[in-house]
Amino acid sequence: MKNICFIVDSIFSIGGVQRVTAVLAKELAKDNNVTIVTFDKPELLDTSMYNLNESDITYRFFSYPQVGQTKKKLCKYYSGFYLKVQPKSKILSNLYAYSSYPSEQRNALLEELQNGYYDIIIGVHAPLAARLATLKKHLKDTKCIGWIHNSFEAIFGEKSHYYIGAKRCRHYIYQFRKLDNVVLLCNHDAKSYHEYDPRFKPTVIYNPLTLAPAETSTGTSKRFLAVGRFSHQHKGFDLLIKAFSIFAKNNPEWYLDIVGEGPEEKLYRELIKEYHFEERITIHPFTNNIQAYYSNAQIYVLSSRWEGFGLVLVEAMAHGLPVISSDLPTSLEIMGDFGLYFKNGNIEDLVQRLEDATHIDWQAKSKEALNIAQRFDIKNIIEQWKELIE
């Protein structure tokens with residue numbers, strides 16, 4: 001039995017990373033002592049989320065102390081200099097790691113982790129993995145693992161939607177190499193990291209199916225389904241709404257359900273109203289019974305502009321749903337020839353895939369979907385994690 005700690009930005013909020021972290025933590029808690037250190041506020045404690053109350057997990061709520069204005073300015077100055085010059089030096093990368101992570105904050109998190117006497121610490125997401133790497137030399141008897149939940153392109157690409165961006169790529173890889181291991185979600189990302197730095201050798205472990213499937217879809221509802229958080233541009237629901245509005249003009253019997261919440265909901269509702277499709281496109285809030293939507297759908301659509309791992313694809317296939325997806329490397333790796341792919345961001349191409357989906361051999365596709373989903377059963381995935389931890 002080992003003492004295992006997950007460091008997460010949040011566990012008591014809605015999101016795919018939170019859900020898969022909860023599933024893995026619950027599974028590991030069957031044979032180990034598991035703690036989740038979270039930056040959530042203590043008042044958000046709700047172990048009914050993701051059925052966390054089913055397992056004996058310890059929760060610790062952490063927040064950084066305040067940093068003086070003078071030190072903030074000094075840290076900001078060096079950080080800006082590093083990003084401007086982008087020196088190819090590990091030493092200067094380490095200086096940037098410290099300058100962008102003031103000692104008050106660094107020491108506070110280190111004390112929190114040292115007090116837990118953990119055998120394994122898993123930093124969830126790239127920024128926390130990099131923070132963990134900065135502390136690694138002070139955690140000598142602890143195996144430190146980074147768990148990266150977004151694609152290489154989404155984090156470091158020239159068109160990155162995250163603040164990390166291309167300028168920090170070399171720095172992050174320098175830091176990741178300090179860790180005992182880094183877990184990526186697909187082989188495409190592992191190849192991208194390796195091409196950037198052949199000395200960096202991460203481990204690939206797919207995310208598991210995080211829910212118990214309900215009834216398999218019958219494929220007769222004439223309903224498309226999309227699920228995800230309404231964050232800026234990420235899931236491409238704006239593209240899907242526009243594409244469906246074109247498709248629907250010649251297919252009056254079809255409907256679209258979108259399940260999710262987030263800051264772009266107003267934009268989506270305005271688009272629906274603009275196209276006068278209030279009766280045929282419905283936005284539903286997140287629910288603990290998302291299986292009911294999968295069971296009632298006929299086709300699943302993933303319109304994302306980027307994904308670390310399209311967990312919803314596995315969930316949809318576990319309910320026997322054929323899938324339309326943007327041609328993301330992760331989708332291609334998960335589904336192979338099974339998926340109906342459209343060029344990422346191309347509305348006209350997505351309209352054509354919606355049309356194609358209405359003419360497929362649905363029963364054959366459904367059977368194939370169920371077979372693919374079995375590969376992502378938690379019983380298979382957890383063995384890879386146990387081997388990594390041991």
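The values are calculated or read from the model by the stated rules, or taken from the named source; none is laboratory data. None of these values were measured; they are calculated from a predicted model. Virtual Cβ from ideal backbone geometry, glycine too; neighbours counted across all protein chains shown. Just so you know, the surface numbers come from the protein's heavy atoms only, side chains and all, with ligands and any DNA or RNA stripped out. Shrake-Rupley method; radii C 1.70, N 1.55, O 1.52, S 1.80 Å.
Data table
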| quantity | calculated |
| --- | --- |
| Rounded to whole Å, sorted largest first: equivalent-ellipsoid semi-axes of the stretch 112-213, Cα gyration tensor | 22, 18, 13 |
| Rg/Rh for the stretch 199-264, where both radii come from Cα atoms and Rh is the Kirkwood radius | 1.11 |
| For the chain, with +1 on Lys and Arg beta carbons and -1 on Asp and Glu, the positive-most of 272, 130, 245 along the dipole | 130 |
| Contour excess over end-to-end distance, with Cα ends at residue 13 and residue 253 and 0.36 nm allotted per residue | 82.8 nm |
| Rg/Rg_ref, the stretch 235-300, where Rg_ref = 2.2 N^0.38 Å and atoms are Cα | 1.10 |
| Surface per residue (accessible, 1.4 Å probe) for the stretch 1-58, Å² | 44 Å² |
| For peptides 14-20, 196-202, sequence by mean Cβ density within 10 Å, most packed first | 14-20, 196-202 |
| Theoretical FRET efficiency, 1/(1+(r/R0)^6), r = Cβ-Cβ of residue 180 and residue 112, R0 22 Å, to 0.05 | 0.70 |
| Kirkwood hydrodynamic radius of the stretch 1-116, from inverse mean 1/r over distinct Cα pairs, in Å | 16.4 Å |
| Whole-percent carbon and sulfur share, accessible surface of the stretch 3-99, 1.4 Å | 54 percent |
| Solvent-accessible area per residue, Å², over the stretch 118-251 with all protein chains present [probe radius 1.4 Å] | 40 Å² |
| Built amide H within the under 5 Å cut-off of residue 325, gap 5+ | 302, 340, 341, 342 |
| Mean projected area in nm² (Cα convex hull; one quarter of hull surface) for the stretch 316-390 | 5.8 nm² |
| Unit charges on C-beta of K, R, D, E only; dipole of the stretch 240-355, Debye | 140 debye |
| The chain - charge dipole about Cα centre, Lys and Arg +1 at Cβ, Asp and Glu -1, debye rounded to 20 | 1900 debye |
| Hydrodynamic radius of the chain per Kirkwood, over alpha carbon pairs, in Å | 22.2 Å |
| Span per principal axis, largest first, for the Cα atoms of the stretch 44-194 (Å) | 50, 41, 31 |
| Reciprocal of mean inverse Cα separation for the stretch 244-390 (Kirkwood radius, Å) | 16.6 Å |
| Surrounding net charge for residue 243, when Lys and Arg each add one and Asp and Glu each subtract one, Cβ distance under 9 Å | 0 |
| Residue 232-residue 85 FRET efficiency (beta carbon distance; Förster radius 30 Å; 0.05 resolution) | 0.50 |
| Axial C-alpha extent at least 27 Å, average Kyte-Doolittle at least 0.5 - helices from the chain (DSSP) | none |
